[in-house]
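Q: Mind looking over this structure? Questions follow.
The values are calculated or read from the model by the stated rules, or taken from the named source; none is laboratory data. Quick caveat, the model's predicted, so the values are computed rather than measured. Here the Cβ positions follow ideal geometry from the backbone for every residue, glycine too, while neighbour counts run over all protein chains shown.
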């Protein structure tokens, strides 16, 4: 017997137990409401989605073609529509997640207005967005099940059984969210407190970066400053304790390193003996040898191999790493994080290049054989130019004729139909599958896709509607496409919960219910 039928019987018994005062309660109506609210709390969601993500990680280990994907969200409606679309086109949410970007919270969700990605926004906005996303995803479940229940009431015979099977085997819109906690918004205690709020809102996976909290920069901007490993590991442990305290034992931590593009550190690491972790961190500092006579007041000194060294300190009071050490520092960061409680890695790069990423992963896997990455397929990269230049370089190295191409101007639309451009586009198309296989990338995400799609679609609508097309700009450019592509929210009243409300009115008031979905509802035109 299905859970739905079990609930009907259990509520019927409860109604009998409570006597005539409960006579107006319909057990089937109550069971339907219970089915439409499968996940009662954020912790229910976190535990459920953590198991999904752990299973997907194991599946990827066995077969790297089974990588996972997500798109970034800045509003609950955006996340909801993504998963409705995924279910419509693929009949499953398998291996498709959502990503919560700190960049988009800063740019779009702060009470200060648009902010750069520098952890200046209200940190509670992070957990608030997680809760909002899951509120909209739960409503998508309720809406879809409500439609199935109405079909069930109208069906007869075998058709009724088929609809009952769809109800019993309903695929939820609830999926894992990889949630960005930036650099932790303060010390380890601050990181722990925010992580708890995020987990309570439903996060099963938290991404943490090794920048200094009060100097935090977007991963694709200059001026990034990293912290010594022990500082970062304390925050990883803080997140793990938050998961364990709340009973999400399978919680996942993504350790992000920005060392590839970060040439600065605010602190010199504590070291107790040569070769320890602090000493390794300090070994990358840009230093000059000094003598006791040449030391100035306020200088910071390091002794190594019997030599007295002065790390280069900038006017900002930050210390500088040696040029060209980024990849080596990334490898050390990743190994250290995995050895101390992280589950997945994130290496922020300056371009999407499989050879570069794969080279670092190869070094990491010499120590941690099953190391896996979450990778930012970032809109900050000029994908077209990067991959056309990679195609140009391959052709040139292979001795092919590239005289008709200007490597610095390959974005030019005149190149769009050329063999070089077609080769580049094919490499972009297969980038995720290729890098999952060759560079250890378990999860591919685009951080800011809907920031850009909202801007692009709004530009197109504004150009047409306020121009010569008038209302046709909306009808031809939006509504007609919604209808023909079967976009659910063309019935926006239904999407906002009108039919769910009508069902409830009928449950609560019976024939006296004043419902909105009558014959005069213009939604019937769709």
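Q: Only one of these is at pLDDT 95 or above, farther than 30 Å from residue 109 by Cα and out of contact with any strand residue (DSSP E or B) (no Cβ under 7 Å at 6 or more places or on another chain): 61, 44. Name it.
A: Details: 44 fails: farther than 30 Å from residue 109 by Cα.
Answer to the check: 61.
Q: On to the next question. Taking only segment 195-208 into account, find how many residues are in a strand (DSSP E or B) and farther than 24 Å from residue 333 by Cβ. I'd like the intermediate steps shown before the answer.
A: Taking segment 195-208 first, the residues in a strand (DSSP E or B) are 205-208.
Adding the requirement that they be farther than 24 Å from residue 333 by Cβ leaves none.
Matching residues across segment 195-208 total 0.
Q: Limited to segment 369-388, what total is found for residues that are surrounded by 17 or more Cβ atoms within 10 Å (Cβ to Cβ) and touching a helix residue (DSSP H, G or I) at 6+ places or on another chain (Cβ under 6 Å)?
A: 4
Residues checked against (1) in contact with a helix residue (DSSP H, G or I) (Cβ under 9 Å, 6 or more places away or on another chain); (2) surrounded by fewer than 16 Cβ atoms within 10 Å (Cβ to Cβ); (3) in contact (Cβ under 8 Å) with a residue 24 or more places away in the chain; (4) under 28 Å from residue 256 (Cβ atoms):
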{"site": "17", "(1), (2), (3), (4)": "no, yes, no, no"}
{"site": "20", "(1), (2), (3), (4)": "no, yes, no, no"}
{"site": "47", "(1), (2), (3), (4)": "no, no, yes, yes"}
{"site": "53", "(1), (2), (3), (4)": "no, no, yes, yes"}
{"site": "60", "(1), (2), (3), (4)": "yes, no, yes, yes"}
{"site": "67", "(1), (2), (3), (4)": "yes, no, yes, yes"}
{"site": "75", "(1), (2), (3), (4)": "yes, no, yes, yes"}
{"site": "79", "(1), (2), (3), (4)": "yes, no, yes, yes"}
{"site": "95", "(1), (2), (3), (4)": "yes, no, yes, yes"}
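Let's see how each residue does on (1) over 24 Å from the mean Cα position of the chain (by Cα); (2) surrounded by fewer than 24 Cβ atoms within 10 Å (Cβ to Cβ); (3) touching a residue at least 12 places away in the same chain (Cβ under 8 Å); (4) on the phi > 0 side of the Ramachandran plot:
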{"site": "188", "(1), (2), (3), (4)": "no, yes, yes, no"}
{"site": "196", "(1), (2), (3), (4)": "no, yes, yes, no"}
{"site": "276", "(1), (2), (3), (4)": "yes, yes, no, no"}
{"site": "283", "(1), (2), (3), (4)": "yes, yes, yes, no"}
{"site": "289", "(1), (2), (3), (4)": "yes, yes, yes, no"}
{"site": "298", "(1), (2), (3), (4)": "yes, yes, no, yes"}
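Q: While we're looking at this one, here's another question. Please enumerate the residues belonging to segment 267-306 that are under 22 Å from residue 211 (Cβ atoms) and assigned to a loop (DSSP other than H, G, I, E, B).
A: Of all residues in segment 267-306, those under 22 Å from residue 211 (Cβ atoms) come to 267-271, 277-286, 300.
Selection gives 267, 268, 269, 270, 271, 283, 284, 286, 300.
Q: Sticking with this one: Out of (1) outside any loop (DSSP other than H, G, I, E, B); (2) within 32 Å of the chain's Cα centre (by Cα), what's the single condition that is false for residue 309?
A: (2)
Q: Condition first: free of Cβ contacts under 8 Å to residues at least 24 places away in the same chain and more than 23 Å from the chain's Cα centre (by Cα). Now tell me which residues in segment 99-149 satisfy that.
A: Looking only at segment 99-149, we keep the residues that are free of Cβ contacts under 8 Å to residues at least 24 places away in the same chain, and these are 106, 110-115, 120-122, 125, 148.
Listed by number, the residues that qualify are 112, 148.
Q: Exactly one of these conditions fails for residue 391: (1) surrounded by 12 or more Cβ atoms within 10 Å (Cβ to Cβ); (2) within 21 Å of residue 97 (Cα to Cα). Give me its number.
A: (2)
Q: Residues that are under 22 Å from residue 81 (Cα atoms), in contact with a helix residue (DSSP H, G or I) (Cβ under 7 Å, 6 or more places away or on another chain) and in contact (Cβ under 8 Å) with a residue 24 or more places away in the chain: which helices (runs of 4 or more DSSP H) entirely in segment 454-514 hold 3 or more of them? Lay out the reasoning, then the answer.
A: Numbers: elements: 471-474, 480-485, 492-495, 498-509.
Of the helices (runs of 4 or more DSSP H) lying wholly inside segment 454-514, those with at least 3 residues that are under 22 Å from residue 81 (Cα atoms), in contact with a helix residue (DSSP H, G or I) (Cβ under 7 Å, 6 or more places away or on another chain) and in contact (Cβ under 8 Å) with a residue 24 or more places away in the chain span 492-495.
Q: Test residue 236 against the stated conditions and say whether it is on the phi < 0 side of the Ramachandran plot and buried (at least 18 other Cβ atoms within 10 Å of the Cβ).
A: Values: on the phi < 0 side of the Ramachandran plot: yes; buried (at least 18 other Cβ atoms within 10 Å of the Cβ): yes.
Judged against the criteria, residue 236 is a match.
Q: Can you tell me which of 237, 256 is under 26 Å from residue 117 (Cα atoms) and part of a helix (DSSP H, G or I)?
A: That would be 237, the only listed residue that is under 26 Å from residue 117 (Cα atoms) and part of a helix (DSSP H, G or I).
Q: Quick one: is residue 161 modelled with pLDDT under 95, surrounded by fewer than 21 Cβ atoms within 10 Å (Cβ to Cβ) and either more than 24 Å from residue 117 (Cβ to Cβ) or under 21 Å from the mean Cα position of the chain (by Cα) (or both)? Give the derivation first.
A: Working: modelled with pLDDT under 95: yes; surrounded by fewer than 21 Cβ atoms within 10 Å (Cβ to Cβ): yes; either more than 24 Å from residue 117 (Cβ to Cβ) or under 21 Å from the mean Cα position of the chain (by Cα) (or both): yes.
In short, yes.
Q: If only one of 463, 491 is surrounded by 12 or more Cβ atoms within 10 Å (Cβ to Cβ) and at pLDDT 95 or above, which one is it? Before you say what the answer is, go through the steps one by one.
A: Working: 491 fails: at pLDDT 95 or above.
Being surrounded by 12 or more Cβ atoms within 10 Å (Cβ to Cβ) and at pLDDT 95 or above holds for just one of 463, 491, which is 463.
Q: Which of the helices (runs of 4 or more DSSP H) found entirely inside segment 92-194 contain at least 3 residues meeting this: under 30 Å from residue 29 (Cα atoms)? Show your work before the answer.
A: Values: elements: 102-108, 124-154, 157-168.
Helices (runs of 4 or more DSSP H) meeting the threshold: 124-154, 157-168.
Q: Take residue 432 and tell me if it is under 21 Å from residue 384 (Cα atoms) and part of a helix (DSSP H, G or I). Steps first, please.
A: Details: under 21 Å from residue 384 (Cα atoms): yes; part of a helix (DSSP H, G or I): yes.
Answer is yes for this residue.
Q: Here is a follow-up. If you check residue 522 against the conditions, is it in contact with a helix residue (DSSP H, G or I) (Cβ under 9 Å, 6 or more places away or on another chain) and surrounded by 13 or more Cβ atoms within 10 Å (Cβ to Cβ)?
A: Values: in contact with a helix residue (DSSP H, G or I) (Cβ under 9 Å, 6 or more places away or on another chain): yes; surrounded by 13 or more Cβ atoms within 10 Å (Cβ to Cβ): no.
So residue 522 fails the test.
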